1. Which peptide among 50-63, 11-24 comes first, and what is the full order, when sorted by highest mean count of other Cβ atoms within 10 Å?
2. So how do 449, 297, 272, 378 line up by other beta-carbon neighbours within 10 Å, fewest first?
3. Please turn the phi angles of the range 152-158 into ³J(HN,Hα) values with the Karplus equation 6.51 cos²θ - 1.76 cosθ + 1.60 (θ = phi - 60°), one per residue in order, whole Hz, x for glycine and proline.
4. Longer than 27 Å from Cα to Cα, which of 42/444; 42/349; 146/192; 349/468; 42/192; 42/365 are they? Say none if no pair is.
5. Taking every DSSP beta bridge that has both residues in the range 350-470, what percent is antiparallel when rounded to the nearest 5?
6. Suppose every Lys and Arg Cβ carries +1 and every Asp and Glu Cβ carries -1, with no other charges. What dipole size does the range 350-470 come out with about its Cα centre, to the nearest 20 debye?
7. Let a ≥ b ≥ c be the square roots of the eigenvalues of the Cα gyration tensor of the range 350-470; is it rounded (a/c under 1.5), or, if not, prolate (a/b larger than b/c) or oblate?
Amino acid sequence: MYPSQTSLIPVTVSLARFVETNGLSAFGNNYPYWYLGTTPFKFLTGPILPNLIVILHRLFSNISLFTITIAILAISFLLSAVGWGILIKKIQNSKSLSIIVLLLLIFPWRYLAAFSLDEGSVTIARNLLPFSFWAIWKHFENKNKKSFFIALFTSSFLLLIDTSILPILFVGITALILTKSYTNNSFVNISKYVKVSFVLAVSSLLLITVWYTPSYWLTILANPSIGGVTGLKVILRILDILRGSLPSFLAVFVVYFSGKIGNRFSVFILTWLFAFSFLTIFRFFGDPDFWMDWTVWLYEIEIGIAILIANNFQLIRKSSFVIALLLLPFTITLYIYAKIDKPNLISNKLPQGIRSLGEINMLAKNETVFLSGSTVFWADALYDIYQLRGGVDRVAVNSDWNRAAYELREGISSDSAKSWFIKLDISYVLVHGPTSKEYYQDFKNIKKWESIGSKIWEKDGDTIYAVKTVK
């Protein structure tokens, strides 16, 4: 089985293939196929998911790595629904509410992003988050060594699957702090829970840094993140916005919801939805056209809305405006599905848009190529292709790849493109024309390639140019 062309699941499969071929020694080396072989493999993935996929592949050798990864994803969705049900039962002590939420969270529309856009490790880690939240809540209640180590283990385990869930984890902990401290329409002992959470968070980060190393975090902070700026600048910008706008939001929150919060679980829901709505709006204004970026938090918003519906069903059904507002994320989901041409989320055949990879694999052999669009993510899930780009941009160590990729895709100058080929020792380019089946039409100036390299293969709108002759 294969996911849709636009899926990032092939990134997960690529990394698992490398572990299967090289064993545990893979984690001590650079990954040779992405970013010109400059990035340590352990920067690209935690140790848990690739090893799990490899172990299962050895047990079920007749099942492909793709099918195993998709199966793990599907199971994680079921676990996610169960996990949220358990968490809600723990916080609200309502079995009926837990069951309603569980049913809402297993609806098939929630699988769209996971199988058509997201990377496997991110989806699996975020699906398991409610179990970490449950452990943290238990630690708030018990505050002993056993509860601390259980909470530490669950949070660290998820971060060793993928650190991209850090913002979600921090938002969840904040929501748990406010929920736990909400008593009799007021917040009490917040500082106590903040201290407990701070110790837990720092301990978890220190523990996983033993694996990832400090340079991993420095690389993430230094690399372009949102809108072409570094992660550090993004954090500073968010803090600056919050400094100016948070008092107003809090004033509205206090005035409107004062006396209207029926239970402490409503605090969790409102905090969760407010945080991810804010992050979505922040990304949207950063680049409205880059819909794949600003929709990244729809997954969490959908969870929040599902819980909100279950918790306030009697109130919500009386307001058509509220119903329309709550349906907005689901409408956006349908819009995205139409935007990516309504692909089959799972198929027995490789997507048409990436079939040219077989040809460039035979031509390039051990030489470096330039790929763009979805072929970047699929290339090393199917073959061993050395390329300029890769599947986890936030941890790329090479300082040239990003500028070079932009120039090759969108630049006008042939001479500038040639200079990058010489500097980075790139031999072949796969260019997707207007009639190509490739969804992401990244190349803006197709005509320039005729003056850069020699056309050596062409089919179905895809063209391979040999550019090593430019030297």
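1. Working: 50-63: 15.1, 11-24: 20.9.
My ranking of the peptides, most packed first, is 11-24, 50-63.
2. 449, 297, 272, 378
3. Ordered by residue, 3J(HN,Hα) equals 5, 5, 5, 5, 5, 4, 5 Hz.
4. Details: 42/444 34 Å; 42/349 31 Å; 146/192 19 Å; 349/468 33 Å; 42/192 36 Å; 42/365 25 Å.
Going by Cα-Cα distance, 42/444; 42/349; 349/468; 42/192 fall outside the 27 Å limit.
5. Values: 10 of 15 bridges.
Antiparallel: roughly 65 percent of the beta bridges in the range 350-470.
6. Details: 15 positive and 16 negative charges, 34 e Å.
With Lys and Arg at +1 and Asp and Glu at -1, about 160 debye.
7. Values: a/c = 1.32, a/b = 1.08, b/c = 1.22.
It comes out rounded by the Cα gyration axes.
We did not get these values from a lab; they are worked out from the coordinates using the rules stated. Note that this is a predicted model, so its numbers are computed, not measured. Virtual Cβ from ideal backbone geometry, glycine too; neighbours counted across all protein chains shown.
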